[in-house]
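Inspection log for the structure reproduced underneath, given as structure tokens.
The values are calculated or read from the model by the stated rules, or taken from the named source; none is laboratory data. Because the structure is a prediction, the values reported are computed rather than measured. With ideal geometry, Cβ positions are generated from the backbone for all residues, glycine too; neighbour counts draw on all protein chains shown.
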Amino acid sequence: MRQRKDLIEIFSTFLQFEDDRSQGWAIDPRLNRSMTRSIQVEARGSEDFWAIYWLRQYAQKSAATDRALQQEIGHLSAYLQETCFWAVNRVMPRVSSIQMKLSDCFQVAIADVPKLLAAFDASKPTGLKTYANTVFSNCLRDHLRQRREIDFCTDWGLLQKISRKRLLDALTANNFDKVSCDRYYVAWQALTSHHSSEKSPKLRSIAVPEAQTWQLIEQSYNRDRKEFPHLTAATAKELEKCLLDAAKKVRSYLYPTVNSLNVKKGDDTEADWESDLVGNEAEPMVYLEEQETRAERQTQQQQMVAVLHEAIGKLDEPAAQLLTLYYRDRATQQNIAQQLEIPQYTVSRKLSRVRETLLKEIVAWGQTTLHIEPTSDVIAAISPLLEEWLESFYKQAKHPEKS
């Protein structure tokens, strides 16, 4: 991949792929004109100067809609192309048995730029590339993990794993009317009530229901559909067809086709690169709920932080002291053991227990508020985020003036 040197190119071009290899840079005419005009005003600006400039422009308009922020997001997305490319290159060799190509993975990661910018602390603009590198890597790893899980699921296993909200979101995204949505929902409810996952050690490998189970599903559907006056009776065969179609719709909704950012739409003056980002119409399956408005996401983050603050406040004095020594004072486990006059292995065990207590609070909140099932994968994904939050929280407690 040729590294870009020219400032206008850095902030207005996007990486092109051919046969899954990078094949140069495609110019976005609208962004090119915008950057050219800007440089004419401030000709001495460096790459860092313009990254900070567009970040500040974005921050000033942060209350606006994504469409109003399109120019700022476009310039910053162009700026982060190399960062995303190398983040994807580092992640892919470590993930086995994936069917997605490098170009697919790149588009999945770069699609997270709008959310990345919304979460980034604009008061520390020089750390954008470092922050983006972490976000791109985590986004791709989570996408591949979830996709691999969904790809391994049978249709019946997938229907057992999804929530009511995700089913209805998938149907709505496929333009199903209310009658059809209700019919699919009642059928799905009958299936999950009678096709027990206890018969399979792994939920994703559940096989098609047996004839006796289909009779129970049919009876359950025809009983429950009476609560929906517009629904008619259905046979087991009709319900099977309905449920298989539901599984197909859910699978395509969770993982829509990945399109390139470089696809042009008509006259370049009207080109809307952002509309080709993966996830604008249907987000991938992630452990934190899909497609929220910026205000809703901020509210959820605030709620989660409040849960952690409350959980820390409930800790007994020894546990609270342990966290303070370890995270705020940056003491090693050996130093803590000497200070508290206890064995080092006891310090390690107690730290693990305190982290587990906080993790349970977050998982319980996510299950209640966002309807996220506390699977081992979800817990594994949250654990490092909790560790980062604890370090940040106690660092601010030590230096409140910097928070």
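Here are the numbers for this structure:
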| quantity | calculated |
| --- | --- |
| So SER12, is it farther than 18 Å from TRP86 by Cα, without any contact (Cβ under 8 Å) to a residue 60 or more places away in the chain and among the polar types (S, T, N, Q) | no |
| Whichever residue in the stretch 1-18 is assigned to a loop (DSSP other than H, G, I, E, B) and within 11 Å of TYR79 (Cα to Cα) and, among such residues, is farthest from the chain's Cα centre (by Cα) | ARG4 |
| Residues that are modelled with pLDDT under 85 and among the aliphatic types (A, V, I, L, M), drawn from the stretch 42-54 | ALA43 |
| Single residue of the stretch 319-366 satisfying the filter (touching a helix residue (DSSP H, G or I) at 6+ places or on another chain (Cβ under 7 Å) and not in a helix (DSSP H, G or I)) that is farthest from VAL305 (Cα to Cα) | PRO343 |
| Options ALA207, ALA234, ALA187: the member that is in a loop (DSSP other than H, G, I, E, B), in the same structural domain as SER163 (by TED's automatic domain parsing) and modelled with pLDDT of 90 or more | ALA234 |
| Test: residue in the stretch 85-101 that is at pLDDT 85 or above, over 22 Å from the mean Cα position of the chain (by Cα) and buried (at least 21 other Cβ atoms within 10 Å of the Cβ) | no |
| Residues of the stretch 153-172 satisfying the condition of being in a helix (DSSP H, G or I), surrounded by 18 or more Cβ atoms within 10 Å (Cβ to Cβ) and of a type outside the set (Asp, Glu) | TRP156, GLY157, LEU158, LEU159, GLN160, LYS161, LEU167, ALA170, LEU171 |
| The lone exception for ALA306 - which of (1) closer than 29 Å to LYS61 by Cα; (2) in a helix (DSSP H, G or I); (3) modelled with pLDDT under 85 it fails | (3) |
| Single match in ILE362, ILE312, ILE379 (criterion: under 31 Å from the mean Cα position of the chain (by Cα), surrounded by 13 or more Cβ atoms within 10 Å (Cβ to Cβ) and at pLDDT below 80) | ILE379 |
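Okay, residues lined up against (1) farther than 18 Å from MET1 by Cα; (2) at pLDDT below 85; (3) surrounded by 19 or more Cβ atoms within 10 Å (Cβ to Cβ):
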| residue | (1), (2), (3) |
| --- | --- |
| ARG30 | yes, no, no |
| ARG56 | yes, no, no |
| ALA68 | yes, yes, no |
| CYS105 | no, no, yes |
